[in-house]
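Some notes on the structure that comes next.
Please treat every number below as a calculation from the coordinates, not as lab data. Only a predicted model underlies this, so the values are computations on that prediction, with no experimental measurement involved. As a convention, Cβ positions derive from the backbone with ideal geometry for all residues, glycine included, and neighbour counts pool all protein chains shown.
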Amino acid sequence: MEWVLIAGIGALVGFLGGLFGKGGSAIGTPMLAVAGVAPLASVASPLPGTIPGTLVAAYAYWRQRLVDWDIVRWSIPFGVPATVVGAYATRWIGGGPLVVATELVVAGLGVRFLLYPSDPHEIVVPPPAPRTRMVLVATTVGVLSGLLANGGGFLLAPLYVIVLRTPIKSAFGSSLVVASALAVPGTIVHALLGHIDWAVVAAFSVTSIPLSYVGGRVAVRTQGTRLERWYGAGLLLIGVISLAVTA
């Protein structure tokens with residue numbers, strides 16, 4: 001039953017990751033912990049599945065030309081080293097307060113998207129995002145990704161929308177590509193440290209990878225404003241539940 005539950009968690013995380021442009025570690029870790037997976041394994045084990053899952057979901061967006069490759073090219077070179085710095089900084093920075101602060105930010109972003117979705121007619125063809133802002137977003141998310149041991153997708157997409165003024169679907173598609181790259185350093189480090197339970201990875205990935213594509217397909221077919229409201233409700237729910245669990 002434990003493996004069936006883990007596979008079910010993988011399916012849910014994969015679908016939501018594809019739907020909302022995120023890798024899924026932020027959701028998968030607490031759910032795996034509740035399912036009885038050891039704490040370190042629940043943190044590290046979703047990461048290997050995040051890489052193929054996000055790429056599969058990104059393919060659904062790429063088919064509709066919804067990946068902004070300029071954002072991807074500027075995010076990965078700055079985000080990946082920042083992730084390494086963030087992971088190394090965990091030697092001195094306690095995770096508890098940072099987790100709470102991040103959950104508050106996620107909940108606040110949820111309120112913003114739920115109540116104030118973008119006007120679909122405001123920007124027909126969005127202007128190129130300033131590269132300094134791309135670097136700032138990628139570096140900030142990279143550091144937090146390393147500190148919190150996740151792919152960073154839960155912050156990439158909303159910051160692409162708010163800071164870079166990227167349309168929601170393009171933000172999701174770009175976020176998935178970048179999040180897959182940001183998950184690589186954490187996966188390597190945790191694998192070398194022996195934190196990954198590969199049996200959990202297999203049970204989690206067998207459902208999360210195909211459902212990631214399904215989630216992406218649903219997203220690209222959904223009207224933008226409606227998708228933003230769904231996204232806001234999802235972020236708010238994640239933030240509130242995570243705060244409740246942390247408390």
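Quick check: pseudo-label points 7 Å beyond the Cα along Cα→Cβ at Arg65 and Thr222, how many nm apart are they?
With each label point 7 Å from Cα toward Cβ, the separation is 2.4 nm.
If the chain between Val34 and Arg229 were fully stretched, how many nm would it gain, using 0.36 nm times the residue separation less the Cα-Cα distance?
Separation in residues times 0.36 nm, less the Cα-Cα distance, equals 67.4 nm.
So for the chain, averaging the separation of alpha carbon pairs under 8 Å that are six or more residues apart and normalising by length, what relative contact order in percent results?
RCO, the chain: 43 percent.
Choose one answer from Gly173, Gly36, Gly17: the residue with the largest mean-square fluctuation in a GNM of the chain with alpha-carbon springs under 10 Å.
Comparing Gly173, Gly36, Gly17 in a Gaussian network model of the chain, the most mobile one is Gly36.
Multiply the residue gap between Tyr116 and Val135 by 0.36 nm, knock off their C-alpha separation, and tell me the result in nm, one decimal place.
Here the answer is 4.3 nm.
Direction-averaged shadow area of the convex hull around the Cα atoms of region 24-85, nm²?
One quarter of the hull surface, i.e. the mean projection, equals 5.2 nm².
Quick one: Cα convex hull volume of region 2-246, Å³ per residue?
Looking at region 2-246, the number lands at 103 Å³ per residue.
Which helices, taking whole DSSP H runs in the chain, have alpha carbons extending 15 angstrom or more along the helix axis plus mean Kyte-Doolittle at least 1.6?
2-20, 95-115
With all distinct Cα pairs included, what does the Kirkwood hydrodynamic radius of region 174-218 come out to in Å, to one decimal, could you say?
This gives a value of 12.0 Å.
Based on the mean of other Cβ atoms within 10 Å per residue, sort peptides 161-168, 57-64 so the most packed one is first.
57-64, 161-168
Kirkwood hydrodynamic radius (Cα pairs, Å) of region 201-247?
12.6 Å
Using R₀ = 25 Å, calculate the FRET efficiency as 1/(1 + (r/R₀)^6) where r is the Cβ-Cβ separation of Glu2 and Val240; round to 0.05.
After rounding to 0.05, the efficiency reads 0.40.
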